[in-house]
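Engineer: Let me give you the structure first, and then I'll get to my questions.
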Amino acid sequence: MRYDLIIIGAGSSGLMIADQLNNTNLKVLLLEGSKRIGTKLLMTGNGRCNVLSSDSPSELEKAIHNGRFLRTAYHKYDLHNFFKKHKLPLKQENRRLYPASEKARDVVECFRIHNVHLQKKQKVSDLIFENNKIVGVKTDNQEFYGKNIVVCAGGKSYPQSGSDGSMHKILKKYGVKFTNIYPSEVALKYPDFVGLSGLSLNKVKMFNKKRNFIGSILFTHKGISGPVAISMGEFVARGEGDTFLDFLPDYTEEQLFDCLWEDKNYLKDKFPKRFYSHIMQYFPTTNPNKKEIRKFITNKIKRYQFNNVMTFPIEYAFTTAGGVSLKEISPKNCEHKRIKNLYFAGEILDLHGEIGGYNLMIAWYTGMIVADAIKDKFNIPEGD
Ligand SMILES: Cc1cc2nc3c(=O)[nH]c(=O)nc-3n(C[C@H](O)[C@H](O)[C@H](O)COP(=O)(O)OP(=O)(O)OC[C@H]3O[C@@H](n4cnc5c(N)ncnc54)[C@H](O)[C@@H]3O)c2cc1C
């Protein structure tokens, strides 16, 4: 049997493509390496799944690395309507949308893929080319032939979810170019605060010369986690210069100086007890002069510098930054420019976003682009 389309990977983007082609008469094969579909999707948002962001197209373009690649898609596809049609009511918290049930499982189950031929435990181990054209895929025990192949195999993070980077290696063998791969949305490894493990601070600012994030952090037994640290992770991994923490972003250095000069115990009710004790060990003790207090404020409160900070390895990152180089991919249909009939969707591409639903939006949008390209090829009107 020769399929019209073989989808490699039944994760977020693979499910979207399968769903979009479910009611066509195309012969679609969905190959999943593990024994379950949507494993990473089930893990999202702590099991609640931050399925979308409410951002406008221009905001999405900013929040997504290489976001311009999807410019047409932001306008063309209505993802809110997609979930409405799929009977998945959403609820909004700030700019983030979750299933109203707060169950990631409901997202996995909303995809309609019953007409698609799904095969689990079929890990693709190679591609098949004939006369320089891609014609199929190999798994450990079988060969499958298809007119078109789409790689939806995800990134390299959380390999236990099935997205283990195995397709990266296979694709490189056939000359598909990848940009540098590094962890994104990842906690920081940093020894200085180990004694504070388990403690969180609700409002800090983490910054480097290019960007800043304000929100909470959580001290862990090996470093710092929490939304702010996780957002900064990719820029640490990218080596974007020195990273600093401002523990009291609502105060200027001058304001803090006035308060501390007046009252040496001023910080006491500004921090949880454990953090206060920790930070005050650096406070100059006997009759500190103005210079010493200013130095304490700068170095320990307002511009605390992380020396030799690192991120946890990519296996522990929520997302993978870097992937198939977009220079090789047409934004119109997500097809490889050189290897015709080979398409890509989702995190395997050099697209990733901040925390906030952007990574799933990348999977949904690229999935829709590929599905429409396939429909177009077989003269099936879009929307069918
Ligand atoms: C803990 C966690 C929480 C997250 N929370 C959110 C969130 O709330 N909101 C958000 O927007 N994003 C979130 N993300 C990121 C988001 O889940 C991913 O970006 C998204 O699922 C990527 O979709 P994908 O289709 O590219 O890959 P995946 O969903 O990872 O799917 C890839 C599939 O391909 C299969 N596969 C891989 N290699 C092969 C092979 N050789 N042969 C056959 N099958 C193969 C895998 O088994 C897997 O099922 C989170 C990620 C993690 C790890």
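Here, each number is a calculation from the coordinates, and none is a lab measurement. Quick caveat: nothing in here was measured; it's all calculated off a predicted structure. Methodologically, a virtual Cβ is constructed for each residue, glycine included, from the backbone with ideal geometry; neighbour enumeration extends over all protein chains shown.
Engineer: Given (1) away from the ligand (no atom under 16 Å from the Cβ); (2) under 25 Å from residue 66 (Cα atoms); (3) in a loop (DSSP other than H, G, I, E, B), where does residue 372 come up short, assuming only one miss?
Structural biologist: (3)
Engineer: Right, here's the next one. Pick from the stretch 341-369 the residues that are assigned to a helix (DSSP H, G or I) and within 17 Å of residue 4 (Cα to Cα): which of them is nearest to the ligand (Cβ to nearest atom)?
Structural biologist: In this case the residue turns out to be 367.
Engineer: Report, by residue number, each residue of the stretch 1-24 that is of a type in the set (S, T, N, Q), more than 9 Å from the ligand (Cβ to nearest atom) and over 14 Å from residue 372 (Cα atoms). So that I can check it myself, show each step before the final result.
Structural biologist: Filtering the stretch 1-24 for residues of a type in the set (S, T, N, Q) gives 12-13, 20, 22-24.
Those left that are additionally more than 9 Å from the ligand (Cβ to nearest atom): 20, 22-24.
None; the set is empty.
Engineer: Please work out if residue 84 is surrounded by 14 or more Cβ atoms within 10 Å (Cβ to Cβ) and either assigned to a helix (DSSP H, G or I) or in contact (Cβ under 8 Å) with a residue 24 or more places away in the chain (or both). Full working, then the answer.
Structural biologist: Details: surrounded by 14 or more Cβ atoms within 10 Å (Cβ to Cβ): no; either assigned to a helix (DSSP H, G or I) or in contact (Cβ under 8 Å) with a residue 24 or more places away in the chain (or both): yes.
When the stated conditions are applied, residue 84 does not pass them.
Engineer: Now a separate question. Of all residues being in contact with a Lys or Arg (Cβ under 7 Å, 6 or more places away or on another chain) and not aromatic (Phe, Trp, Tyr) in the stretch 310-328, which is nearest to the ligand (Cβ to nearest atom)? Just the residue, please.
Structural biologist: Looking only at the stretch 310-328, we keep the residues that are in contact with a Lys or Arg (Cβ under 7 Å, 6 or more places away or on another chain), and these are 310-312, 314, 320, 325, 328.
Filter once more, keeping what is not aromatic (Phe, Trp, Tyr): 310-311, 314, 320, 325, 328.
Details: 310: 19, 311: 15, 314: 11, 320: 8, 325: 16, 328: 17 Å.
The qualifying residue nearest to the ligand (Cβ to nearest atom) is 320.
Engineer: When the residues of the stretch 91-127 are narrowed to those that are touching a His at 6+ places or on another chain (Cβ under 8 Å) and either charged (D, E, K, R) or surrounded by fewer than 18 Cβ atoms within 10 Å (Cβ to Cβ) (or both), which ends up farthest from residue 53 (Cα to Cα)?
Structural biologist: The qualifying residue farthest from residue 53 (Cα to Cα) is 112.
Engineer: So, in the stretch 159-181, exactly how many residues are of a type in the set (A, V, I, L, M, F, W, C) and either away from the ligand (no atom under 13 Å from the Cβ) or free of Cβ contacts under 8 Å to residues at least 40 places away in the same chain (or both)?
Structural biologist: Looking only at that region, the number is 3.
Engineer: Exactly one condition in (1) near the ligand (Cβ under 10 Å from one of its atoms); (2) over 30 Å from residue 2 (Cβ atoms); (3) touching a residue at least 40 places away in the same chain (Cβ under 8 Å) is false for residue 74; which is it?
Structural biologist: Answer for residue 74: the failing condition is (1).
Engineer: Output the residues belonging to the stretch 136-158 that are within 10 Å of the ligand (Cβ to nearest atom) and either hydrophobic (A, V, I, L, M, F, W, C) or under 18 Å from residue 234 (Cα atoms) (or both).
Structural biologist: Across the stretch 136-158, the qualifying residues are 137, 151, 152, 153, 154, 155, 156, 157, 158.
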